[in-house]
Amino acid sequence: MFRLQSPILLDRPKLTVYCMRTVHSEIIVNLRIDMTSSIPAYRQIVDGLRVLLVSGQLKSDTALPSVRRMALDLGVHFNTVAEAYRSLADEGWLDLKHGRSALVIERTTPPTDNQKLQDLAQQFRSLAAQMRAHGVPVNRIRTELLAVAEEILS
Amino acid sequence: MKATFLVVQVFPLFVTAVLLYFLPHFTSRGVFFGATVDRNFPESLEGKKLTYSYRFEVVIWTIPGLLLAFLASVKSPGLTATPIFLLVLLTAFSYYRRFRTIHLRFGKRVRDIRDVQLLPATYGAFSAAWITAIPFLCLLFVAIYLQLRWNDIPQSFPVHYGADGLPNRWAQRTPGSVFAPVFFGFYMNVFMLALAWLNQHWARRSSMQQLTVRCLQWITWPLSGMFALIALSPVLPIPIWVMVIVVLGGIIAIVAWMIWKYASLTDEEESAPQPDNLWKAGSFYYAPDDPALFVGKRTGLGMTMNFGNRWSWVVMVGVCLAAGLPVVIAVLLSR
């Protein structure tokens, strides 16, 4: 029986893009998007899958659901999912071949590019600024960022 | 006359009224009269008041239904379905009024969160081939049996019975009339399995979707049983009540199983309520950007179509045509 996990909002809203839990000693990995969010669905899918890929919850040789299946389950257009898969394939995470499920592949981490690093750091600052603007205390921001880093690295 | 009136007019009306009376109970948690609410709202004073007033109106609407049923039975027996239609229409109005009140005064804003399961990758509900195969095999065996006992089939046999239980239409022994029930059985099985396939492959996955697919697969059992018994009736004396028990008993058992499974779903297994703006009048899912043809019903068991998706309409027209085809064939054969 398919065991779909209903969304349970975690305390940390930025971490609601995915969840992993164990049912009958079987690990179930879900991708979750928020259609009421101002972030486009395409971006949420890419970001959510990347988190799962970086943290190793989606290992190499794992077949992702087909574009049609994922679009049906998320209630988004087929092109949205296809575009998200292509974006991740361009980053080197997925192998897309016609008539076959998207396959997670072993990815060699590219060397750190200074320009890219600056761009990402800028995004980090922007995110921290947003949290401050929403009234999140500095200590809480520090805790959240550390928790995210630890979660990804573990 | 009295017995016919009770069986044909009053009993279906009574069953419909009871179902409508308990309709507010058949709903997802956090949804009340089709509106998203706090989970505890139905048990609150306001919630109970709304339920009681709705139920009172259902009882009131049943009275003109009964009167119309009486008039229909006396004046024009062809109007059998009209009282039920009237009751459903008036109750829909009552239901919609409660939805508006709750949505505007007590509605809860929720985030529209969607999930997709990535791992494990196997989730086959349609893979139970034996559930699908046995009804077809049953009909196939009946066809073979009829062929073997062809000479034992009477030259003329009853094919239709009135409400009094007596045959009122007869058919001659021809391959068309003898094997027609088997053919219709096959046809209905294929129809149900096509619906199950559509629900499996073109609907959003959820526990309710899986239950619906399973039920559509199981429903082929009583249907095949009924058509098998009808087909066998010219050679084996099978009372009408046996057929009724097979069909009604089977369907009731399947629906009861579905309700039991639905009631035993945990909070985690049940899909979270979606925002009201996706549900017109609290009951009709309308999402043009959603490719799903079917989604879990908001107000109870089963699946509903996505009225915003044009392909859902194409499928609906196809389903109506496919469902109407046996009736047309039956009418043509009876002439």
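The values are calculated or read from the model by the stated rules, or taken from the named source; none is laboratory data. This is a predicted model, so every value here is computed, not measured. Note that we place each Cβ from the backbone using ideal geometry, even for glycine, and neighbour counts take in every protein chain shown. Surface accessibility is based on the protein's heavy atoms, side chains included, excluding ligands, DNA and RNA. Shrake-Rupley method; radii C 1.70, N 1.55, O 1.52, S 1.80 Å.
Observations, loosely collected:
- Helix axis angle, B:207-218 relative to chain B longest principal axis, alpha carbon, degrees: 10
- Averaged over the residues of A:27-37, the number of partner chain Cβ atoms lying within 10 Å of the residue Cβ comes to 5.
- Between segment B:283-335 and segment A:41-87, the Cα center-to-center distance that results, in Å: 30
- In the protein assembly as shown, the calculated helix contribution to ellipticity at 222 nm averages -17000 deg cm²/dmol per residue, counting -39,500 (n - 2.57) for every DSSP H run with n ≥ 4.
- Amide N of segment B:222-250 lying under 19 Å from the label point, which is placed 7 angstrom from the Cα of B:Leu166 along Cα→Cβ: B:239-241
- Between B:Trp130 and B:Tyr21, the distance separating the two model label sites (each 7 Å from Cα on the Cα→Cβ line) works out to 4.2 nm.
- Model label sites at B:Thr266 and B:Leu137, defined 7 Å from Cα along the beta-carbon direction, differ in position by 3.6 nm.
- Under 5 Å between amide hydrogens, built in the peptide plane, is the criterion, and for A:His77 it picks out nothing among residues at least 5 positions away or on other chains.
- Computed over chain B with a Gaussian network model linking Cα atoms closer than 10 Å, the most mobile of B:Phe11, B:Phe294, B:Phe106 is B:Phe11.
- Binned Cα-Cα distance frequencies in segment B:268-329 - 5 Å width, integer %: 4, 17, 23, 21, 15, 10, 6, 3, 1, 0
- Calculated on alpha-carbon atoms, Rg and Dmax of segment B:192-302 in Å: 17.7, 58
- Under 24 Å, Cα to Cα: Lys pairs in chain B, sequence gap 8 or more or different chains: 10
- Amide hydrogen neighbours beyond the local backbone of A:Met35, cut-off 5 Å, H modeled: B:Asp112, B:Ile113, B:Arg114
- Computed lengthening from B:Phe14 to B:Leu66, 0.36 nm per intervening residue step minus Cα-Cα distance: 17.8 nm
- Whether chain B is rounded, prolate or oblate, judged on the alpha carbon gyration tensor where a/c under 1.5 counts as rounded: oblate
- Around B:Val159: net Lys/Arg minus Asp/Glu count, Cβ-Cβ under 12 Å: +2
- The 3J(HN,Hα) values that the Karplus relation (6.51, -1.76, 1.60; θ = phi - 60°) gives for segment B:42-47 are, in residue order, x, 8, 6, 4, 4, x Hz. Gly and Pro appear as x.
- Excluding ligands, DNA and RNA and using a 1.4 Å probe, chains A and B jointly bury around 3400 Å² of accessible surface, summed across both partners.
- Convex hull projection area averaged over all views, segment A:93-152, Cα basis, nm²: 6.5
- Using the 1.4 Å probe convention, the accessible area of the protein assembly as shown works out to 55 Å² per residue with neighbouring protein chains retained.
- Among B:Leu67, B:Leu232, B:Leu195, the largest mean-square fluctuation in a Gaussian network model of chain B (Cα springs under 10 Å) belongs to B:Leu67.
- Rounded to whole numbers, the Karplus 3J(HN,Hα) couplings from phi for segment B:318-331 are x, 5, 4, 5, 5, 6, x, 4, x, 5, 4, 4, 4, 5 Hz, using 6.51 cos²θ - 1.76 cosθ + 1.60 with θ = phi - 60°, and x at Gly and Pro.
- Column: log10 I(q)/I(0), Debye, Cα scatterers of the protein assembly as shown, q = 0.07, 0.10, 0.13 Å⁻¹: -0.52, -0.93, -1.33
- Chain B: most fluctuating residue of B:Asn199, B:Asn151, B:Asn309 per GNM, C-alpha cutoff 10 Å: B:Asn151
- Helix axis angle, B:129-148 relative to chain B longest principal axis, alpha carbon, degrees: 20
- Taking θ as phi - 60° and the Karplus parameters 6.51, -1.76 and 1.60, the scalar couplings of segment B:173-188 work out to 6, 10, x, x, 6, 6, 8, 4, x, 5, 4, 5, x, 4, 4, 5 Hz in sequence order, x denoting glycine and proline.
- Heavy-atom accessible area for B:His201, with the other protein chains in place and a 1.4 Å probe, reaches approximately 50 Å².
- Interchain or long-range residues, amide H under 5 Å from B:Met303's placed H: B:Lys297
- Share, in percent, of DSSP beta bridges within the protein assembly as shown that are antiparallel, nearest 5: 95
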